[in-house]
Structures are given as structure tokens and as C-alpha cells.
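Comments concern the structure below.
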Amino acid sequence: MDYGMIGKIEKAKRYAEERDRITFNSLEVEFKGNNNVYSISLNGSGWQCSCPGFHSHSICPHVMAMERLFKPMLKRDPLPYTPGQNVVSDVEKSKRYSEETDRIRFAAFDVTFHGSNNDHHTNYNTQSMQCDCDFFHTRHVCSHSMAMERILMKMLPKQPVSEE
């Protein structure tokens, strides 16, 4: 029995439950709206969405759904409503979208785990997970990568294949 791995699995479950210990530094997703597939990104400059509503109002139900889903992991204020935005409709859509996570596919993300001793960075890009912790470097999996897989579940295109 591999007790080191058992400990990492237990820690991954705890991290997935304690989402306030995780910070999204950046993300890229494809979001299936009612009429089209949109590209959403978040980086140091803020949110972007390829939908017409975001281009008109700098906010949309797709971004609002992401804010709702990942609120404790974003560490930023939600985007404000804007004049001319159909707030009631957008709030209703964002609530429904946040419950329909099969609409969302992550293409990339970069997160920081705020651990008890150290911070660790985990990222996903082109279907490969990476982490800067020692355990990942020896096993190609760790509590951080397993926590993100647990949190994102069906939102990853397929089970990540760690680089060896």
C-alpha cells in the first residue's frame, strides 16, 4: 500500500472543499451559450468574453456564471452591472448556466494553492497538468492536481494526462 499517495488523495479532497485556499491567476474556457460557443478568459487585466453582450456592456451571463461557480477562487470583485444591460435576464441565465457545467470546457488555467507551509502553482494547458511541488515531480500527480481535477470534473476536455 502506498501511504504517501493515500495522504495526497486525502489532502486533495480537503483542498477541493476549501476552495478559498485556491486562487485562479488565469483561465481560458470555451463556453457553450444558448446560441454560440464563446471564448472566455481571465488574467491580470480582467475578464474577456467573445460574446456580443460582453463587447457592449463589459459583462455577460457567461462571465457572471464563471464568477458564481468559482467565487472563492477568484479573489476579485464581481463585474458591476452596466447601464443598458438586461440585468434580470442576465442574472437568470448566469444562474442556469452555473448549474449546467457541461457547457464549460477548460482549455487552460493557472492557480495558486495557499498551503499551510508553502504556496504551490498548478497549471493546465493543452491537456496536460503541471505542478511545482516535489511530489508532482516524482509522481506526475499530487494533491494540487487531484484537487483541480475534482473541482473541475467534467469541465476538463478529458482526464488530464500529466507530462512525464
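The values are calculated or read from the model by the stated rules, or taken from the named source; none is laboratory data. The shown structure was predicted, so the numbers you read here are calculated from the model rather than taken from an experiment. A quick note on method: Cβ atoms are made from the backbone with ideal geometry, for glycine too, and the neighbour counts reach across all protein chains shown.
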Report yes if some residue within segment 120-135 is farther than 18 Å from residue 13 by Cα, of a type outside the set (A, V, I, L, M, F, W, C) and over 16 Å from the mean Cα position of the chain (by Cα); otherwise report no.
-> yes
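Out of everything in segment 98-145 that is in a helix (DSSP H, G or I) and in contact with a Phe, Trp or Tyr (Cβ under 8 Å, 6 or more places away or on another chain), what residue ends up being farthest from residue 36 (Cα to Cα)?
Initial filter on segment 98-145 (in a helix (DSSP H, G or I)): 98-99, 101-103, 134-139, 143-145.
Narrowing the set further to residues that are in contact with a Phe, Trp or Tyr (Cβ under 8 Å, 6 or more places away or on another chain) leaves 103, 143-145.
Values: 103: 11, 143: 35, 144: 33, 145: 30 Å.
Per the criteria, the residue is 143.
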What single numbered condition from (1) without any contact (Cβ under 8 Å) to a residue 12 or more places away in the chain; (2) under 16 Å from residue 26 (Cα atoms) fails to hold for residue 88?
-> (2)
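Anything in segment 1-36 that is aliphatic (A, V, I, L, M) and under 22 Å from residue 151 (Cα atoms)? List them, or say none.
Our first condition is that a residue be aliphatic (A, V, I, L, M); within segment 1-36, this holds for 1, 5-6, 9, 12, 16, 22, 27, 29.
Listed by number, the residues that qualify are 5, 6, 9, 12, 16, 22, 27, 29.
Mind telling me which of the residues 17, 28 ends up being surrounded by 18 or more Cβ atoms within 10 Å (Cβ to Cβ), acidic (Asp, Glu) and at pLDDT 95 or above? Full working, then the answer.
Details: 17 fails: surrounded by 18 or more Cβ atoms within 10 Å (Cβ to Cβ).
So the residue among 17, 28 that is surrounded by 18 or more Cβ atoms within 10 Å (Cβ to Cβ), acidic (Asp, Glu) and at pLDDT 95 or above is 28.
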